[in-house]
Amino acid sequence: MKYLIRARIEVDGKVDRHDVIGAIFGQTEGLLGSEFDLEGLQEKDKIGRLQVELKHQDNKTVGIIQVPSNLDRVETAIIAAMLETVDRVGPYTARVIVEDIRDLRAEKIKIIIERAKEILRKIRESEPDVKE
């Protein structure tokens, strides 16, 4: 996947993971036409499985939603904005706020560069000096 959408959710009642996922799919279905239908995008491997981690605090539910995306940057931002339109989970009022969209490829490139530097340093340390 290229990007990872990370959003915070707050629900004014106790709900479960499947309630949140159902609300996301239900409230975004047909919103921007078939091009941005989450189910269809999952079938085409354009977005991955929605991951939802929830905690119950008093009579509320709070948590994190993560959506892996293989779409381009603009389309991923549209999906993120669509998530923020979810305003109910079951009978309860909800708020979804996108915290960030991580570029997973850029992060991998940074890891590769740092590892390459480390490997080069080790090679230089273990090579005998050419003058000797």
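The values are calculated or read from the model by the stated rules, or taken from the named source; none is laboratory data. Small disclaimer: the values here were computed from a predicted structure and weren't measured. For neighbour counting, all protein chains shown are included, and Cβ atoms are generated from backbone atoms with ideal geometry for every residue, glycine included. These area figures cover heavy atoms from the full protein model, side chains too; ligands, DNA and RNA do not enter into them. Shrake-Rupley method; radii C 1.70, N 1.55, O 1.52, S 1.80 Å.
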Practice item. Give, in nm to one decimal, the length gained when the segment between R73 and R102 is fully stretched (0.36 nm per residue of separation minus the Cα-Cα distance). Key: 9.4 nm
Point to revise | Sequence of I9, I78, I112 when ordered by accessible area, the most exposed leading, probe 1.4 angstrom | key: I112, I78, I9
Practice item. Using a 1.4 angstrom probe on the protein heavy atoms only, line up D58, D37, D12 by accessible area, largest first. Key: D58, D12, D37
Check your understanding: In degrees, nearest 10, range 0 to 90: what is the angle between the Cα axis of helix 104-126 and the longest Cα principal axis of the chain?
Key -> 20
Study note, to complete from the structure: log10 I(q)/I(0) for region 29-91, Debye formula on C-alpha points only (no solvent), q = 0.24, 0.28 Å⁻¹, two decimals, reads -1.11, -1.34
Review point. Tell me, what is the 1.4 Å probe accessible area of S34, in Å² to the nearest 10?
Key: 110
**Study point:** Whole-percent pair-distance distribution, where bins are 10 Å wide, for the alpha carbons of region 1-48
**Key:** 21, 49, 27, 3
Point to revise | Calculated Rg and Dmax of the Cα atoms in Å (choose from [x] 13.5, 41; [y] 16.2, 52; [z] 20.8, 78), label | key: [z]
Point to revise | Centroid-to-centroid separation of region 90-123 and region 38-52 [C-alpha atoms, Å] | key: 20
Check your understanding: Of all the accessible heavy-atom surface of region 6-132, with the other protein chains kept in place and a 1.4 Å probe, what percent is carbon and sulfur?
Key -> 51
Practice item. Using a 1.4 Å probe and counting only protein heavy atoms, arrange H56, H18 so the residue with the most accessible area comes first. Key: H18, H56
Practice item. Could you tell me which trypsin sites (Lys or Arg not before Pro) in region 76-132 are loop residues by DSSP with no more than 16 other beta carbons within 10 angstrom of their beta carbon? Key: K131
